[in-house]
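*Asks:* Please find one structure pasted underneath; my questions will follow.
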Amino acid sequence: MSESHTRELSFIPDWPPGPLDSHRKQSAFDWKQLKLVLEDINSLRLKYKVWKLLESEPLFAKSKTTPSVDEQKKIAAQQMMLIAKLDIVPPEVYAMGYLPRYRFLMSVNEALHAICPSLSVKIAVGVGLFQNALRAMGTEQHSWFYNAAWSREIVTCLAITEVAHGSNTKRIRTTATYDPQNQEFIINTPDFEAAKCWIGNLGKTATTAIVFANLFTPDGQGHGLHGFLVPIRNPLTLQTYPGVLVGDMGEKIGLNAIDNGFVMFTQYRIPRENLLNRTGGVTPEGDYVSVFSEPSKILGAALEGFSAGRLGIMQEATNTLAHSVVIAVRYAAIRKQFGPDKNGPEQPIIEYQLHQWRIFPYLAAACVLKTSVYSLTDLYLKIIEKSQANSNGIDLLSQSVGEIHALVSASKPMYTWTARDAIQEAREACGGHGYLKAANLGELRNNHDACLTYEGDNNVLGQQASNWLLRQWTEGVQSPLVINHCLEWLMCWLMRSIVEDVSLAKQKGACSFEAKNNTQVYKARDLAFIYSEFYAISSFRLSCLKSDVAASVKPVLEQIHRIYGFWVIDRHMVAFYQGSFASGASFAETIRSNLLSSCQTLKSDAVTVADSLAPPDYVLNSVIAKSDGLLYQNLQNEFMTNPGALERAT
């Protein structure tokens, strides 16, 4: 690596010497150079700055035992206030343009999520998504709330989901009825099924919520779903206001430092000005007014700002995926079991083909998805930036949200399911030691699990994406993505096949709703998944071809591309035969033999690739995957210093 590059990357500490060196020395490239391909250098610099700062803060010290749920919530609330005081996001960030500002905030969120997932979600929901919603749906009159949320003068949340309705927001039943005499909206929850629930920050700490409710004018006319700024608690005392029944939902599978809550309103009054009125408002006399001909569609475009939340989840899922495979690869490089000679030396389990097949595709996926989520985020932010810079921005956004919404809706399930499967495979690949809390795989698994259903249930999002793709097929629009021939063929075959199945079902008397639902399991679901994989592998390929990519890392990038590509095709093997793309054994044998040989080729570079994905040890927080490679010494220390380990039972 040149001297200039060495200086440029000096903020990234070198790994300590140890048993992993024998693997690291096998690579012909520098792990930091690969890291620059996988992540933006400015984002990396910011993350390392945040990690170094928080490592020195006692409030962010790692606990060997699990605090009580109430204690976790208390610590997260204190951490949230400390983050604001530490000035991690200085005021000048808000003078930046939209894209660099949002990139900065997303990088901070990634850094926080890697250390404290609950804290990251609290800030993302209570500050990021709240501010996004205000920008998308509010006007200048709501700017005080925007600034107060950032300064933590108020603690905020978004209240959309109800007990009986989550994905189907059109059936939300909370109402906001305008009273012209007092110029107030009356917020009401008709029954428990309409109670807002699963609202992050609401259980104990939120003082203001954006509540989504159906707006009714005095003439009884309904005007659909709108957002309202609703005071919940007194910011000074945290006492709830009369007419508000709010509570905490209790212990969850993971992310227990987030105080998810429920709320019911009983004829609760708020000022008329608290309606977020960018798309439609109510005059003092009670007349509904909008500058748009179809406010409901425009509201949908405005709400597309929430896709930033799904992109944030995808970034977090990619990091979770990366952390799990780093743990598995480092453990496999040191852990020895069996050998060719039963009385001879044992060999590291990374040498076994089965182990490579289990872990290396996820190692490749972590690299591919890191680059593709960056590209997809860039595409999304540029669309939003363009809409905000134009006086007719919402109309522009309304016209362009279709494809970006479909791509995000397809990708969020693919990313989060891939991470879920990687965590489980890594846990099993690390045997009993992977089951230790100190290995951190259990924490990764439990905290990641919510990603599969919040900010859009994965299966429902996949249906939305496949519906959009099928509309493109029937309208004769071709995909602009340049992708591998096999996967392109498969996507086209699935679209044609689904259209034919739906048409046949309708001819037999099925309604459109039933016909579409009955093509989900083996076709539409796969279509959405493959669509996101197309984009991911195409983005990765483009990243590999950039002129500033060091020549030394190109061979390993090619191996990563091959492993991920063959792995994806292998997972969809049945469909290739079902659609007659292939016949006989040769296609499957070729794909699978190439996958196995590519994994074997990557073996000598696997530890170095894992190093390029790995955060510092403080962040990875795994006793079985420390960068020094001292697996058994670290385990011994963990066993011996575990609270109560050597005490007599009483």
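The values are calculated or read from the model by the stated rules, or taken from the named source; none is laboratory data. Computed from a prediction, not measured in an experiment: that's the story for all the values here. Reconstructed Cβ throughout: ideal geometry from the backbone, glycine too, with neighbour counts over all protein chains shown. Side chains included, ligands, DNA and RNA excluded: accessible areas come from the protein's heavy atoms. Shrake-Rupley method; radii C 1.70, N 1.55, O 1.52, S 1.80 Å.
*Asks:* Considering only the range 330-345, I want to know if a residue exists there that is surrounded by 18 or more Cβ atoms within 10 Å (Cβ to Cβ) and either under 20 Å from LEU557 (Cα atoms) or acidic (Asp, Glu) (or both).
*Replies:* yes
*Asks:* Would you pick out the residues in the range 104-144 that are farther than 26 Å from ALA257 by Cβ and in contact (Cβ under 8 Å) with a residue 24 or more places away in the chain?
*Replies:* Answer for the range 104-144, where residues must be farther than 26 Å from ALA257 by Cβ and in contact (Cβ under 8 Å) with a residue 24 or more places away in the chain: ARG135, ALA136, MET137, GLY138, THR139, GLN141, HIS142.
*Asks:* Return only the number of the condition from (1) farther than 22 Å from HIS405 by Cβ; (2) modelled with pLDDT under 85 that LEU481 does not satisfy.
*Replies:* Result: LEU481 fails condition (1) only.
*Asks:* Let me ask something else. Within the range 536-591, work out how many residues are farther than 30 Å from ASP40 by Cα and open to solvent by less than 40 Å² (accessible area, probe 1.4 Å).
*Replies:* Summing the residues that are farther than 30 Å from ASP40 by Cα and open to solvent by less than 40 Å² (accessible area, probe 1.4 Å) in the range 536-591 gives 10.
*Asks:* Next question, about the same structure. At pLDDT below 95 and surrounded by 15 or more Cβ atoms within 10 Å (Cβ to Cβ), is that true of ASN642?
*Replies:* Against the criterion (at pLDDT below 95 and surrounded by 15 or more Cβ atoms within 10 Å (Cβ to Cβ)), ASN642 does not qualify.
*Asks:* Can you pull out every residue in the range 229-240 that is part of a strand (DSSP E or B) and either surrounded by fewer than 21 Cβ atoms within 10 Å (Cβ to Cβ) or without any contact (Cβ under 8 Å) to a residue 24 or more places away in the chain (or both)?
*Replies:* Within the range 229-240, PRO231, THR240 qualify.
*Asks:* Can I ask one more? Is it the case that the range 452-471 has a residue that's buried (at least 23 other Cβ atoms within 10 Å of the Cβ), on the phi < 0 side of the Ramachandran plot and of a type in the set (Val, Ile, Thr)?
*Replies:* Checked against the condition, which is being buried (at least 23 other Cβ atoms within 10 Å of the Cβ), on the phi < 0 side of the Ramachandran plot and of a type in the set (Val, Ile, Thr), the range 452-471 yields no hits at all.
*Asks:* Then there's this: Can you list the helices (runs of 4 or more DSSP H) found entirely within the range 11-90 that contain at least 3 residues being free of Cβ contacts under 8 Å to residues at least 40 places away in the same chain and over 25 Å from the mean Cα position of the chain (by Cα)?
*Replies:* Those helices (runs of 4 or more DSSP H) span 69-85.
*Asks:* Could you grab me the full set of residues in the range 435-477 that are modelled with pLDDT under 95, of a type in the set (Asp, Glu) and under 18 Å from MET314 (Cβ atoms)?
*Replies:* Hits for the range 435-477 are GLU455, ASP457.
*Asks:* Of the conditions (1) farther than 24 Å from SER151 by Cα; (2) hydrophobic (A, V, I, L, M, F, W, C); (3) at pLDDT 95 or above, ALA209 satisfies every one except a single condition; which number is it?
*Replies:* Going through (1) farther than 24 Å from SER151 by Cα; (2) hydrophobic (A, V, I, L, M, F, W, C); (3) at pLDDT 95 or above one by one, ALA209 breaks only (1).
*Asks:* Going residue by residue through the range 419-434, is there one that turns out to be over 20 Å from ALA365 (Cα atoms), modelled with pLDDT under 95, in the same structural domain as GLU403 (by the TED database) and crowded, with 20+ Cβ neighbours inside 10 Å?
*Replies:* No, the range 419-434 contains no residue that is over 20 Å from ALA365 (Cα atoms), modelled with pLDDT under 95, in the same structural domain as GLU403 (by the TED database) and crowded, with 20+ Cβ neighbours inside 10 Å.
*Asks:* Using the structure shown, decide if ILE199 is open to solvent by less than 10 Å² (accessible area, probe 1.4 Å) and either basic (Lys, Arg) or under 26 Å from GLN181 (Cβ atoms) (or both).
*Replies:* no
*Asks:* Just for strands (runs of 3 or more DSSP E) wholly inside the range 241-293: which have at least 2 residues that are open to solvent by less than 60 Å² (accessible area, probe 1.4 Å) and over 30 Å from ARG445 (Cα atoms)?
*Replies:* Here the list reads 261-265, 268-271.
*Asks:* Check GLU403 against each of (1) at pLDDT 85 or above; (2) in a helix (DSSP H, G or I); (3) farther than 30 Å from HIS355 by Cβ and name the one condition it does not meet.
*Replies:* With (1) at pLDDT 85 or above; (2) in a helix (DSSP H, G or I); (3) farther than 30 Å from HIS355 by Cβ applied to GLU403, the lone miss is (1).
*Asks:* Looking at the range 38-57, is at least one residue under 30 Å from ALA551 (Cβ atoms) and among the hydroxyl-bearing types (Ser, Thr, Tyr)?
*Replies:* Checking the range 38-57: at least one residue is under 30 Å from ALA551 (Cβ atoms) and among the hydroxyl-bearing types (Ser, Thr, Tyr).
*Asks:* Continuing with this model, one more query. Would you be able to say whether some residue in the range 169-176 is open to solvent by less than 50 Å² (accessible area, probe 1.4 Å), within 25 Å of the chain's Cα centre (by Cα) and of a type in the set (D, E, K, R)?
*Replies:* no
*Asks:* Now for a different question. Please tell me if SER543 is assigned by the TED database to the domain that holds LEU490, farther than 30 Å from VAL460 by Cβ, touching a residue at least 60 places away in the same chain (Cβ under 8 Å) and in contact with a helix residue (DSSP H, G or I) (Cβ under 9 Å, 6 or more places away or on another chain).
*Replies:* Against the criterion (assigned by the TED database to the domain that holds LEU490, farther than 30 Å from VAL460 by Cβ, touching a residue at least 60 places away in the same chain (Cβ under 8 Å) and in contact with a helix residue (DSSP H, G or I) (Cβ under 9 Å, 6 or more places away or on another chain)), SER543 qualifies.
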